[in-house]
Each structure stands twice: as C-alpha cells, then as structure tokens.
Amino acid sequence: MLVSGGEMRPSRRWAKAALLVALVVWLVPLHAQAQPASETSPEQCARQILARLSPEERVGQLFLVAFQGDAQASDAPVYHLIAQAHVGGVVLLRANDNIPGGEDAPQALQDEIRGLQRAVWVEAQQESLDPESGEARYPPYVPLLIATAQDGDGYPYDQILEGMTPLPSPLAIGATWQPGLARAVGEVLGRETAALGINLLLGPPLDVAATPHPGSPGDLGIDTFGGDPYWVGQMGKAYIQGVHQGSSGHVAVVVKHFPGYTGSDRSPAEEVATVRKSLEQLKQIELAPFFAVTSAANPAQVADGLLVSHIRYQGFQGNIRATTRPVSLDPQAFTQLMALQPFAAWRSHGGLTVSDDLGSRAIRRFYDPTEQRFDAFLVARDALLAGNDLLYLGMGFHDPNDPDQPTTVLNTLKYFSQKYRADPAFAQRVDAAALRVLTLKCRLFGSFTLSAVQPQPDALAVLGKGSDVTFQVAQQAATLISPAPTDLESVLPSPPQRGEHIVLLSEGLSYRQCSTCPPQEALSPGDFQQVLLRLYGPGSGQQVRPQDFTPLTFAQLEAWLDDPAAHPSVRESLRRADWVVVGLLDVNPHDPASRAFRHLLDAQPGLLRNKKVVVFAFNAPYYLDATDISKLSAYYGLYSKAPPFVEAAARLLFREIAPQGALPVSVGGVGYDLITATSPDPQQVIPLTWDFPPPQEASAAATPSVTGPLRVQPDQTVPVRTGVIVDHNGHPVPDGTVVRFLLTTPGGDQVQQSVEVTTTDGIARASFQVAEPGLWEIRAQSDPARQSQVLAIEVPGKPGEATASPQVVVVAGTPRPAATPTPTEGVLAPPQHRRVEGVDYLAALLVALLVGWGAYRAALQQGMARWGVRWGLLAFAGGMAAYVVLAVGGKAMTAALERWGYAVAPGAALVGALVGLAVGLVWRALARHSRRE
C-alpha cells in the first residue's frame, strides 16, 4: 500500500531481517577480521584432507625420500614416486647430485623444485578409480615437502654451495653469545631457502659439546652452538625464530639430532653408538636444548619437528646392564622420552618426529652386521611403530634383492598399504602420523594451490644478500684464545710491515657441488693472500706487497717434513719468514696433511723460534694442546671458514678490529673450562632490589620516607630479586644457576633465614617473612660470587607504626646503585587501560544496536519503514565505525583509553551512531527536497 510521500511500506519482517544481517556482520570482533579468509585451523584442514585420501595416499605422506640425480628429466624415477606412489616429500642432497652447480645454479634448482611440485599437482588433476569402490575420483592435491640441510660454513655442512649467502657455522654463532645474531642468521637462511622453494630444513643441530673429543669420529667440531645446554637452547630458539620470520612461515624447522650426540664415540652414519647415560642424566644436558625449543613462549621459536637419531643408551632406565635399541627404533624408550614435559604438550599441538636416515650404514649394520641382508620394509615399520611420523629413506634404503633404491621404496609403500587394510591398529598409527604431516603442510601453505606452493622466479633476487650478517657474526665471534689480552701488545706490538716476509700456511679444502661440477677450493693460502692484498696491498695503503708472501699448503708442508731433501724451498721459505700465519681446520685421522702444522711444531720447533707465529682456528679451537699453543705468538678462534671470516682474520692480523667473542666450548690447551666460565663471576657485586609488583595493596605496602630502611609489619612478605648475574665472560649466567638469599643481622654475622632458588634469564627472586622486631639485612650469594648489595628492613616493635621507604645499602668499595622505584601509600590503583578489549567491543556493539533500533522504531511510528531501516543501519554502522577507529588506535586513542578507561568505547559508539543517524536525516531531507523540485 502507499504511504505518505508515495512510499511503498516494506514488511516489518524484511526490515528486521536486514538489521539481523547487519548484526551478524559486526558480531565478528575487529581482531578476528584481520585473520585470513579461511578460519580453518591447520589441524582441521589436515583432517579434511585426510578424510579424502586413499590408504595408498595416506601411506605415501609418511615418507621423505632421497633420490639420485636432478629431477629435470620427466622420466626420472622420482617422478613416479611422487606422482604415482604419492610420496609426501623429497630430500635434496649434494652427494646425490640433486643440486646443480654453475652460474645459473639457483635458477636451475628453483626450476627443479617447481617441476617436482607441478608434477604432483598435474597428477591430482587426473581422474582415477578408487581401488576399493571402483568409482571415479580426483585425488586431492597435497604439496610436497622439499627438504635439505644447510647448517652453515659451506662444505661439508651445507648442501647448497653456490648462489646463497655463505653463512657461519653454529659454533661461530655460539661464540658471539648473542641470540639476536642467531636470529639474524636464521632470517637470512629462511628467506633464501623459501625463495628457492625449499620448505623443510633439517637443522639446526642442538647437540651439546659438553666434552669435546678432538680427532674422535664422534667429535661435533663446529656443528654445534657450544658446550652449555642453556646457551645451545637459547641460540636454537633464536635461530628457529629467524628461519620462521625470514621465510614468512613457509619453511619448517626440524632440529637435530634428538636426543643428542653428546657422548657419542662413533660416526652416526657409520655405526650405531652406545652411550652410557640414564634418562635423568640426559635431562641435565642432552635434552635441555630440545626442552627449550619445544616449550618456548614465543610460537615463532618453537621447532616444527625433531630429527630422531640412531643412538642407543646403556642404563637408560637406571639398569646399567640394560641397553636400548636405537632410540629411533625403540618404542619403549621413544615413548618415555615423548612422555616428558614439554615434549608431551608439544606433541599434542602437532609436533612432528622425523626419523634419521633409515638407509644409513649404521642402520644396515645394526640389523645385519654382515651387511648382506636388509629387510627394508621391516626397518620402516619398526621406525613408524617406535613413534616416528615422517620416515627418511636415504639412498642406502635398498634391499639387495631389488634392482635399485626406488624399487625398494615402492615395495615398502605396497607393504604399508596392504598392512593398512589388514591391520586396524597399524592403520590407526598411519593415520595419526599422516595427520601430523598434513597439519604441518597446512601450516606451511595455508591453501593447497599450485600458486601458493611454487616459488616465484623473481624471488631469487634475495639470494646472496646476507653477507653483512655473516661478517657481523665473524667480528663478534672472533676470540683471542692465547695469550691474555693484556699480554698481546708485548708479544705482537705491531702488525706486519712492508718488506717483512709472510708465510701463509693453510690446509685448503677441495669440494664440488656435484659429481660433474668443477672442483673449488676453500681456505687455500692463495685465497688468504688475495684477501690481504685487497685490504692492505698496493691499492689499499701499500702495507704489504705481493712479493712479501709465500703461500704453502699443509700438503706441501707435510711432504717436506716426510722428505726434506725433496722440497728444500719449503724450509727456505720458513727460514726467511718474519711471520708465519696459519689457518687451521679440523684434524682428520684419515688425512695426514691435516696434522702437518702440529707435525711441524713437534719436528722442527727451532725453525719457528723468534718468528711471529699467528694461528687462526677456522674450525673448532681445541685441536692444539698446551705445548703446541706455548710455541705460538697468538692463537685466535674464528670457528668458520666462510669468506667473511677469512676477511675478519685479515683485519685481526692488522689490528683493524679487536676480538669480541668468547670460547663457547672447553679448550684444554689453555685451561679453559666452560662450566667454570659460565659460573658467576666472583669479582661482581650482585645487584639487589625490592620486587614489589606495582601497584601494591595499600594495606600491605611500604610507604616512602626520606631515609632509613624499609619498615614492614611483622610477618609481612618482602619480595626481593637480583639484577642480572653475569658469568666470567660477562654474559648472563645459565638458567638454573643456584642463588642463596640470606636474611642476616646487621653486618651479616648471624643468618636468620636462607632461601635457595635458581635463576631465570640471569635473575633470581625470593621472598622473606620476618616476625621478630629489629633491623635486618638481605644479601645474595651465587658461588663463587659471594658479594652483593645489601637491602635493609626494619620490623617495628609495635604493629601499626609508620613505615619508611627502603634504602639500598652498598657493600664497601662499590658504587651506590640508582634508586629503585618503591611502592607508595594509597588506594590500589586500577590497571592502565591502553587498548580495546572484549568488554569494549560488547559495550560499543550494545550502544550501536540500541541507537540503531531506536531510530528504526521512531521512523516506524511515523509510517516510514523504509527510512527506518536506512536510519537504523546508518546509526549502527556509524557506531561500529567509531569503534573501529578506536580499535585501530593511535596516540590520541591510547591517551583517551588511559584517561577515561571503559567509558571510551561506548561513548565513541554513541557519537558515531548519532553521526550516522544525522547522515540519514540529511539524506531524507535531500530526498524530499528533490521530489518537490
């Protein structure tokens, strides 16, 4: 029917429905609208995909497979594994020729990865028959995991040797003692691996070099962050955070080698090592870093997976006569480990376990010491039932009865599929593991589309741009091992001068990116010479000239030591030398040349007498003993042979930079014990402050006064804390360092109370309750640091007396610390309201709804239902728009919230709603005016 103004009255039901739609739109808070369009969690995403997979496809998700050669050829066996057999991931390794070399290596590698992902996508577009129902179906597209290892320091720890930023070794990062630099290195690695299309990183290593084993097959060398469990965990967390942030969450991190190689005396690839340690002992050292990266408060610092090593333990459950199987294959030991907190909580949130290579020689020898038989499918089954979710099958995963490794992998997949259908318990275990793998993939890719999975060609522009980070690590890691800094000036008063003869000795390392790639050299004496000439040669100050140098390799030196008559020039060069500058790597028992310098020190000590002998350890710093080091002028630790570290060594030699790092492992040759070094520095005065949480209840608070000790009521709790307690190197002591708080009589003569606690982030906290009236003092000790500031408190004889502010009493001979904020008298202050909360949203929503509904009802009363809907919606939208402005924030909004608290949101909504209603009224007036004209 017609109403005034010629309007058609809409139904009230329609109008109410429109308001209801508006309400639904705005019921999602602002922070939720900032989330991706898909609200499906990674686990929900994984469950939806798992429900659509056939048994063969579910089984395939459990396998991470190595393959031989690159994947550029469409008929490569790997294509059948990923497309037809539904293998869930592949591993790219240098030794398998998976990674191309040459100038175009990054582009070729990215193309290879794009081809692998596309092959899986193309197969998912093909119609297939369900093997059980016989019905036609399109299998869901599930992207591949593309894995590699890139621990740092180039060959042999990196798989990709060309095109990427040369990154430092983990030990070099550890020598900086700065988690921020570990994060920066991780960011570079995450950014560059993501650009290539790699989405699964097998590393970093979290093994603890508690007791170095120089020359042993189980020696960790530089493939560790250090020898202290706490600091290895700190560096690991920061590194993981960097990878996640640098890759924007598109690269997963699988830390290794769980539960740790500490104490191993065998090469893990060659033989399963047996370590005599109980589970309780493992918790103290080996497991501590893995605890740290599975329980970090910051989700970005949490590892996505654990790479489970093939190591066995004698006395694991306390019985020294009982030995486990390799942990990766032992269900009982594996279950005990995963039942520990925080591992149990981490697993409940999707934490992934990945087996180490099930085709390694160590595993083959464990199952058959003669290495004649290898029941591959049983090995894979044992690993799955032990608790591994993702099974890593290397090139050694080859049954001698099969023609090649791909055939063995296919037979294993068929065995798993058959057992899945026949054994419900086995099927349940497969589904649980597949769900974890799919959850990780959902977290990495968000949506399973080819565009979301494939790397973009223009992403390669970020490669090789992180050398400044590596050089910063080199500067901060460089360590003067011997002599003491105070003695260096007298031993080496000046750097090399023009005309002085310098012999450059280094081992040099030859490597190839692939079997057909040309050989390359790392740390050759010629390379070191070129760096010195570039920085200090004719074009840069002319401190040295090309003719001042004689480069010699360790192989040449060893040849002369074995047959002096055949190589007289080596002796003559050493005899003429004013300086002998040596670049050391590790000691390889199978390479006599690696021991050439030590051989020189033993066999020809007189030849180096009165010469300036400077040694740079570009690997672990513990390969020289005390006698060797006594024959050197200076001994530096660089910990990595990446080119920026060679440059840092040159600058150290010429005194352009000073060493900033500290040894992260024990070095017996200089008497450096890491446990002692990370214990509290006995020369420090431990800072102490009150630890009252602001605000404090007025009834229990101490009140300020001009002078005097803190006056408290009898039995009142008095909280105190230390400042950061530092170790011998000036770094915060590790978590768990014991601190004793003492409540004493004045002067410390008698101890009334003693509280023993441990540190977190270098700080310890405790509380005291004092009942007896009098003057008392609080001190702190952390052996061997026994001096601290002193806090004084006074308990009055009569309750209710006026109280006074605390005063920090400083131990004699130490400077007075800055004043510490103290609790003040008064009513309990409300907490600051600095940002919108759920209460604000609900209040604003209610006000906007009320104004909008009121506007609608008012118009309806006048017979203007259509304008009522418009006014109601405009008022509601205006109110919520004002809330959005408040929620987005800014200094003015924050100041308003701090001043007026919870009244701001409804007030803003009311103003916005009235503005919206005003707009509606103006609109109505303009419409009526237009119709009159």
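The values are calculated or read from the model by the stated rules, or taken from the named source; none is laboratory data. None of the values given here were measured: they were computed from a predicted structure. Here Cβ is always computed from backbone atoms with ideal geometry, including for glycine, and neighbour counts include all displayed protein chains. Areas reflect the complete protein model, heavy atoms only, side chains present, ligands, DNA and RNA absent. Shrake-Rupley method; radii C 1.70, N 1.55, O 1.52, S 1.80 Å.
Considering every residue within region 819-835, establish whether at least one is among the small types (Gly, Ala, Ser) and either at pLDDT 90 or above or within 30 Å of Thr678 (Cα to Cα) (or both).
Residues of region 819-835 among the small types (Gly, Ala, Ser): 819, 826, 829.
Filter again for either at pLDDT 90 or above or within 30 Å of Thr678 (Cα to Cα) (or both), leaving 819.
Yes; the residues of region 819-835 include at least one that is among the small types (Gly, Ala, Ser) and either at pLDDT 90 or above or within 30 Å of Thr678 (Cα to Cα) (or both).
Restricting to region 343-380, give me the number of residues that are closer than 24 Å to Gly60 by Cβ, hydrophobic (A, V, I, L, M, F, W, C) and open to solvent by less than 30 Å² (accessible area, probe 1.4 Å).
8
In the list Ala555, Ala565, which residue meets the criterion of being in contact with a helix residue (DSSP H, G or I) (Cβ under 7 Å, 6 or more places away or on another chain), within 19 Å of Leu600 (Cα to Cα) and part of a helix (DSSP H, G or I)? Working first, answer last.
Numbers: Ala565 fails: in contact with a helix residue (DSSP H, G or I) (Cβ under 7 Å, 6 or more places away or on another chain).
None of the others qualify; the one that does is Ala555.
For region 182-201, how many residues meet the condition of being hydrophobic (A, V, I, L, M, F, W, C) and open to solvent by 10 Å² or more (accessible area, probe 1.4 Å)? Step through it out loud before you land on a result.
Step one: filter region 182-201 for residues hydrophobic (A, V, I, L, M, F, W, C), giving 182, 184-185, 188-189, 194-196, 198, 200-201.
Restricting the remaining residues to those that are open to solvent by 10 Å² or more (accessible area, probe 1.4 Å) gives 184, 194.
Qualifying residue count for the region: 2.
Testing Leu306 on (1) in a strand (DSSP E or B); (2) of a type outside the set (Val, Ile, Thr); (3) surrounded by fewer than 24 Cβ atoms within 10 Å (Cβ to Cβ), one condition comes back false. Which one is that?
Of (1) in a strand (DSSP E or B); (2) of a type outside the set (Val, Ile, Thr); (3) surrounded by fewer than 24 Cβ atoms within 10 Å (Cβ to Cβ), only one is false for Leu306: (3).
Go through region 242-258 and count every residue that is over 23 Å from Ser355 (Cα atoms), under 12 Å from the mean Cα position of the chain (by Cα) and open to solvent by 10 Å² or more (accessible area, probe 1.4 Å).
Selection size over region 242-258: 2.
Out of everything in region 591-647 that is under 19 Å from Glu521 (Cα atoms) and of a type in the set (A, V, I, L, M), what residue ends up being surrounded by the most Cβ atoms within 10 Å (Cβ to Cβ)?
If we take residues in region 591-647 being under 19 Å from Glu521 (Cα atoms) and of a type in the set (A, V, I, L, M), then Leu638 is surrounded by the most Cβ atoms within 10 Å (Cβ to Cβ).
Give the residues of region 337-378 that are part of a helix (DSSP H, G or I) and within 21 Å of Arg436 (Cα to Cα), sorted by residue number.
Once the filter is applied, which keeps residues that are part of a helix (DSSP H, G or I) and within 21 Å of Arg436 (Cα to Cα), region 337-378 yields Leu337, Met338, Ala339, Phe343, Ala344, Ala345, Trp346, Arg347, Ser348.
The rows are residues; the columns are (1) modelled with pLDDT under 95; (2) in the same structural domain as Arg118 (by the TED database); (3) of a type outside the set (Gly, Ala, Ser); (4) closer than 22 Å to Val91 by Cα.
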site: Pro403; (1), (2), (3), (4): no, yes, yes, yes
site: Leu410; (1), (2), (3), (4): no, yes, yes, yes
site: Phe416; (1), (2), (3), (4): no, yes, yes, yes
site: Asp423; (1), (2), (3), (4): no, yes, yes, no
site: Ala427; (1), (2), (3), (4): no, yes, no, no
site: Asp431; (1), (2), (3), (4): no, yes, yes, no
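Run down Pro659, Pro664 and say which single residue is under 19 Å from Asp727 (Cβ atoms), open to solvent by less than 20 Å² (accessible area, probe 1.4 Å), of a type outside the set (A, V, I, L, M) and assigned by the TED database to the domain that holds Glu521.
Details: Pro659 fails: open to solvent by less than 20 Å² (accessible area, probe 1.4 Å).
Just one listed residue meets the conditions, Pro664.
Within the bounds of region 690-708, is there any residue that is closer than 30 Å to Gly661 by Cα, part of a loop (DSSP other than H, G, I, E, B) and modelled with pLDDT of 90 or more?
Of all residues in region 690-708, those closer than 30 Å to Gly661 by Cα come to none.
The answer is no, given that none of the residues of region 690-708 is closer than 30 Å to Gly661 by Cα, part of a loop (DSSP other than H, G, I, E, B) and modelled with pLDDT of 90 or more.
Yes or no: Ser666 touching a strand residue (DSSP E or B) at 6+ places or on another chain (Cβ under 9 Å) and not hydrophobic (A, V, I, L, M, F, W, C)? Explain how you work it out, then say what you get.
Numbers: touching a strand residue (DSSP E or B) at 6+ places or on another chain (Cβ under 9 Å): yes; not hydrophobic (A, V, I, L, M, F, W, C): yes.
Answer is yes for this residue.
Does Ala383 satisfy being out of contact with any Lys or Arg (no Cβ under 7 Å at 6 or more places or on another chain), crowded, with 23+ Cβ neighbours inside 10 Å and in a helix (DSSP H, G or I)? Walk me through how you get there before you give the answer.
On the way: out of contact with any Lys or Arg (no Cβ under 7 Å at 6 or more places or on another chain): yes; crowded, with 23+ Cβ neighbours inside 10 Å: yes; in a helix (DSSP H, G or I): yes.
Yes; evaluated as a whole, the condition is true for this residue.
Collect the residues in region 55-70 that are of a type in the set (S, T, N, Q) and buried (at least 19 other Cβ atoms within 10 Å of the Cβ), keeping them in residue-number order. Lay out the reasoning, then the answer.
As a first pass, look at region 55-70 and keep what is of a type in the set (S, T, N, Q): 61, 68.
If the condition is that a residue be of a type in the set (S, T, N, Q) and buried (at least 19 other Cβ atoms within 10 Å of the Cβ), then Gln61 is the only one that fits.
Looking only at region 276-298, decide whether some residue is open to solvent by less than 40 Å² (accessible area, probe 1.4 Å), farther than 21 Å from Gly203 by Cα and part of a helix (DSSP H, G or I).
The answer is yes, given that some residue of region 276-298 is open to solvent by less than 40 Å² (accessible area, probe 1.4 Å), farther than 21 Å from Gly203 by Cα and part of a helix (DSSP H, G or I).
Mind listing whichever residues of region 581-599 are of a type in the set (Val, Ile, Thr) and either touching a helix residue (DSSP H, G or I) at 6+ places or on another chain (Cβ under 6 Å) or modelled with pLDDT under 95 (or both)? Working first, answer last.
Step one: filter region 581-599 for residues of a type in the set (Val, Ile, Thr), giving 581-582, 587.
Selection gives Val582, Val587.
Which count do you get for residues in region 299-319 that are of a type outside the set (A, V, I, L, M, F, W, C) and touching a His at 6+ places or on another chain (Cβ under 6 Å)?
Within region 299-319, the subset of a type outside the set (A, V, I, L, M, F, W, C) is 299, 301, 304-305, 309-310, 312-315, 317-319.
Then drop every residue that is not touching a His at 6+ places or on another chain (Cβ under 6 Å), which leaves 309.
So the answer is 1.
Tell me, yes or no, whether region 846-854 has at least one residue that is within 55 Å of the chain's Cα centre (by Cα), outside any helix (DSSP H, G or I) and either at pLDDT 85 or above or surrounded by 21 or more Cβ atoms within 10 Å (Cβ to Cβ) (or both).
Within region 846-854, the subset within 55 Å of the chain's Cα centre (by Cα) is 846-853.
Still in the list and also outside any helix (DSSP H, G or I): none.
Within region 846-854, none of the residues are within 55 Å of the chain's Cα centre (by Cα), outside any helix (DSSP H, G or I) and either at pLDDT 85 or above or surrounded by 21 or more Cβ atoms within 10 Å (Cβ to Cβ) (or both).
Could you please let me know if Asp207 is of a type in the set (D, E, K, R) and open to solvent by less than 10 Å² (accessible area, probe 1.4 Å)?
Values: of a type in the set (D, E, K, R): yes; open to solvent by less than 10 Å² (accessible area, probe 1.4 Å): yes.
Criteria met by Asp207.
Anything in region 93-144 that is open to solvent by 40 Å² or more (accessible area, probe 1.4 Å), under 25 Å from Phe67 (Cα atoms) and not in a loop (DSSP other than H, G, I, E, B)? List them, or say none.
Matches in region 93-144: Ala95, Gln107, Asp111, Arg114, Arg118, Trp121, Val122, Glu123.
May I ask you to list pairs of residues, at least six apart or on different chains, whose Cβ atoms are under 6 Å apart, with the first in region 401-414 being under 24 Å from Ala427 (Cα atoms) and the second being of a type in the set (S, T, N, Q) and open to solvent by 10 Å² or more (accessible area, probe 1.4 Å)?
none
Residue pairs, Cβ under 7 Å, 6 or more apart or interchain, first in region 569-589 and open to solvent by 20 Å² or more (accessible area, probe 1.4 Å), second part of a loop (DSSP other than H, G, I, E, B) and small (Gly, Ala, Ser). List them.
Cβ pairs passing all conditions: Asp586/Gly221; Asp586/Ala620; Val587/Gly215; Pro589/Gly215.
Looking only at region 497-540, count how many residues are part of a helix (DSSP H, G or I) and among the hydroxyl-bearing types (Ser, Thr, Tyr). Walk me through it before giving the result.
Restricting attention to region 497-540, the residues satisfying the condition of being part of a helix (DSSP H, G or I) are 525-536.
Subsequent filtering for residues that are among the hydroxyl-bearing types (Ser, Thr, Tyr) retains 536.
Counting residues in region 497-540 that are part of a helix (DSSP H, G or I) and among the hydroxyl-bearing types (Ser, Thr, Tyr) gives 1.
Let's see how each residue does on (1) in contact with a Phe, Trp or Tyr (Cβ under 6 Å, 6 or more places away or on another chain); (2) in contact (Cβ under 8 Å) with a residue 60 or more places away in the chain; (3) under 18 Å from Val795 (Cβ atoms):
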| position | (1), (2), (3) |
| --- | --- |
| Val718 | yes, yes, yes |
| Asp727 | no, no, no |
| His731 | yes, yes, no |
| Gln750 | no, no, yes |
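Restricting to region 468-509, give me the number of residues that are open to solvent by less than 20 Å² (accessible area, probe 1.4 Å) and of a type in the set (Gly, Ala, Ser).
Qualifying residue count, region 468-509: 5.
Within the group Pro403, Pro455, which residue is part of a loop (DSSP other than H, G, I, E, B) and under 23 Å from Tyr141 (Cα atoms)? Spell out how you get there, then give the answer.
Working: Pro403 fails: under 23 Å from Tyr141 (Cα atoms).
From the options Pro403, Pro455, the qualifying one is Pro455.
Mind checking which pairs have a first residue in region 348-370 that is under 27 Å from Ala292 (Cβ atoms) and a second that is acidic (Asp, Glu), Cβ under 8 Å, 6 or more apart or different chains?
Gly350/Glu43; Gly351/Asp304; Leu352/Asp304; Leu352/Asp389; Thr353/Asp389; Val354/Asp389
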